[in-house]
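The following block contains the structure, expressed as structure tokens.
Every number in this text was worked out from the coordinates using simple rules, so none of it is lab data. The structure presented is a predicted model; accordingly, all values stated were derived computationally and were not measured. Here the Cβ is made from the backbone with ideal geometry for all residues, glycine too, and neighbour counts use every protein chain on show.
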Amino acid sequence: MTLLALQGGTPAVPVDLPKFQHPIDLKRFEFDSLREIDVLDYNGGGLIDQLEAQWAGYIGSKYGLATNSGTSAILSMMYGIGLKAGDEVIVPGYTFFATATPLVLLGCVPIPVDCLEDGNIDPDAIRREVTTRTKALIVTHMWGKPCALSEILSICSQYGLHLLEDASHAHGSTYANRRIGSFGIAAAWSFGARKLITGGQGGLMVTSDRRVYERAILLGHYNRRGQRDVTLPDLLPYAISGTGLNLRMHPYSAALIIQQLAGLDTMLAERCETANYLHERLSDINGLVLPDKKDSVNSSHYCFPLTYCESTMGISRKHFIEAVLAEGAHEVDAPGSTKPLLDFKIFQDQLSHRSMIPSLSRAMTYYSRLIKLPTWYGKNRMRYAKCYADAFIKVAEASLDKRLTHHWFQTQTHASLSSIDNSLQPISNISGLSPVARQLLHQLTLDHADPELIERLRQELSMQVYQ
């Protein structure tokens with residue numbers, strides 16, 4: 001059997017494999033040309049207009065509005081549709097918190113609802129929370145996989161709700177042969193540092209509704225942009241001042257984003273190739289649930305999410321990930337800040353007046369079991385995919401045949417003996433334990449980590465029963 005890296009074996013990912021860089025080749029960006037951009041011009045010498053038109057055209061919308069972040073783009077579309085204090089908006093119970101925090105700034109009430117087993121919002125849970133106070137619904141296409149849009153659009157039509165799309169993971173994703181971002185009244189993307197397309201920072205909103213577009217301009221693009229593009233009679237008096245906020249994108253960010261757009265479809269195809277490879281290699285591992293595939297849904301493969309079954313694997317998700325990381329798969333993680341919204345005090349406060357709080361039980365389960373792998377593109381993409389798949393298979397096999405369980409148990413039990421109680425003398429000599437403690441420790445190092453045995457050992461040590 002192959003020795004795990006944790007046990008002194010050779011890591012599955014060769015040490016000479018460089019860390020994956022995104023964007024792949026920064027040299028292709030002509031940084032010298034950026035010096036020619038007139039950063040004193042609001043429009044960056046036309047770069048902002050170019051990016052907005054190019055992205056709106058790619059999505060299939062009439063208007064685009066570039067912002068300084070994805071959060072600002074989300075706020076812009078929420079303000080754009082005219083949400084006001086007291087309005088309720090249904091939000092995903094499982095998402096990055098910035099999907100919903102802009103509602104708090106507007107005085108609205110975010111109503112989180114549960115997710116499906118893939119982390120995307122549950123249409124049935126949406127229906128249960130619609131009231132006369134509900135004005136809109138925002139969905140997040142988690143990890144690049146489109147939501148169940150047919151059902152969601154039906155709900156919005158039935159109840160007269162505006163649909164907003166947070167597409168921050170879904171650059172280029174499609175549903176029923178349409179681009180994600182073209183289904184709702186407005187959509188928003190992030191171009192943050194780790195997104196599929198990055199400007200370092202940045203965001204963009206699209207809509208085909210002129211009023212939504214002009215209101216969004218007034219929110220964060222005062223003066224020249226407002227004077228140029230605000231035309232509706234009731235909004236014209238505010239064209240110069242807007243709200244006074246500056247949410248504009250920096251032209252340097254626009255320049256970097258524009259240069260990546262030409263290669264977007266190729267990048268997506270190559271990420272899809274590596275995701276399919278991971279799916280094929282990992283599909284036989286009991287204890288790992290892989291993302292499903294649907295003919296009508298094309299994910300951007302922002303990442304490769306899978307859910308982990310601790311009862312099958314025999315060790316905790318935390319220990320499994322630590323073993324995979326030790327194999328050199330350093331980009332594997334369990335997302336921390338993307339979690340059920342009710343874990344955050346800001347959303348607890350918003351719902352403190354309600355007698356019934358929506359259940360997010362599936363969101364809690366999904367969050368507690370999720371492991372996220374990257375996807376790759378470029379000439380070395382399959383090497384990264386193979387090495388990461390090798391690391392997962394190696395650790396999974398060790399876990400399932402109990403070798404990893406025993407390793408963790410031995411190392412963690414010995415570590416716990418020296419820190420089990422600060423009031424006890426550190427135990428460095430195992431022979432100094434009582435016969436009962438020695439027997440318990442022997443059982444633990446042979447068998448699975450048994451909570452009852454551990455507790456009995458703790459009690460024995462706390463009594464300081466030594467020979």
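Could you grab the relative contact order for the stretch 60-164? Cα pairs under 8 Å, six or more apart, rounded to a whole percent. Show your work: numbers first, answer last.
Working: 153 pairs, mean separation 26.5, N = 105.
Relative CO of the stretch 60-164 lands at 25 percent.
With a 10 Å radius around each residue's Cβ, average the other Cβ atoms per peptide and rank 80-86, 121-127, 14-20, 165-171, highest first. The partial results should precede the final answer.
Working: 80-86: 15.7, 121-127: 20.0, 14-20: 9.3, 165-171: 27.9.
Most protected by this proxy first, the peptides run 165-171, 121-127, 80-86, 14-20.
Using the charge dipole of the stretch 292-404 (Lys, Arg: +1 at Cβ; Asp, Glu: -1 at Cβ; taken about the Cα centre), state which of TYR366, MET382, THR307 has its Cα farthest towards the positive end.
The one lying farthest along the dipole's positive direction is MET382.
Follow-up question, since we're still on this one. Rounded, prolate or oblate, given the Cα gyration tensor of the stretch 238-361, with a/c below 1.5 counting as rounded?
Oblate, because a/c is 1.5 or more while a/b does not exceed b/c.
Test of the criteria: in the stretch 157-215, which trypsin sites (Lys or Arg not before Pro) are in a DSSP loop and have at most 12 other Cβ atoms within 10 angstrom of their Cβ?
Values: sites: ARG178, ARG179, ARG194, LYS195, ARG210, ARG211, ARG215; in loops: ARG194, LYS195.
Here the trypsin sites (Lys or Arg not before Pro) that fit, given the DSSP loop and packing criteria, are ARG194.
Name the trypsin sites (Lys or Arg not before Pro) in the stretch 231-297 that are in a loop by DSSP and that have at most 16 other C-beta atoms within 10 Å, would you? Mind showing how you got there, number by number?
Values: sites: ARG248, ARG271, ARG281, LYS293, LYS294; in loops: ARG248, LYS293, LYS294.
Loop-located and lightly packed - LYS293, LYS294.
Something else: Quick one: net charge around ALA239, please, counting Lys, Arg +1 and Asp, Glu -1 for every other residue with C-beta under 15 Å from its C-beta. Working shown, then result.
Values: positive: ARG210, ARG211, ARG215, ARG224, ARG225, ARG228; negative: GLU214, ASP229, ASP234.
Around ALA239, the surrounding residues sum to +3.
Extension gain ASP234-GLU331, at 0.36 nm per residue separation less the Cα-Cα distance, in nm? Please list the in-between numbers first.
Details: separation 97, 0.36 × 97 = 34.92 nm, distance 5.08 nm.
Going from the current span to full extension adds 29.8 nm.
Can you classify the stretch 118-211 as rounded, prolate or oblate using the Cα gyration tensor, where a ≥ b ≥ c are the square roots of its eigenvalues, rounded means a/c under 1.5, and otherwise it's prolate if a/b beats b/c and oblate if not?
On the way: a/c = 1.96, a/b = 1.61, b/c = 1.22.
Prolate, since a/c reaches 1.5 and a/b exceeds b/c.
So what's the gap between the Cα centers of the stretch 171-204 and the stretch 67-111, to the nearest angstrom?
17 Å
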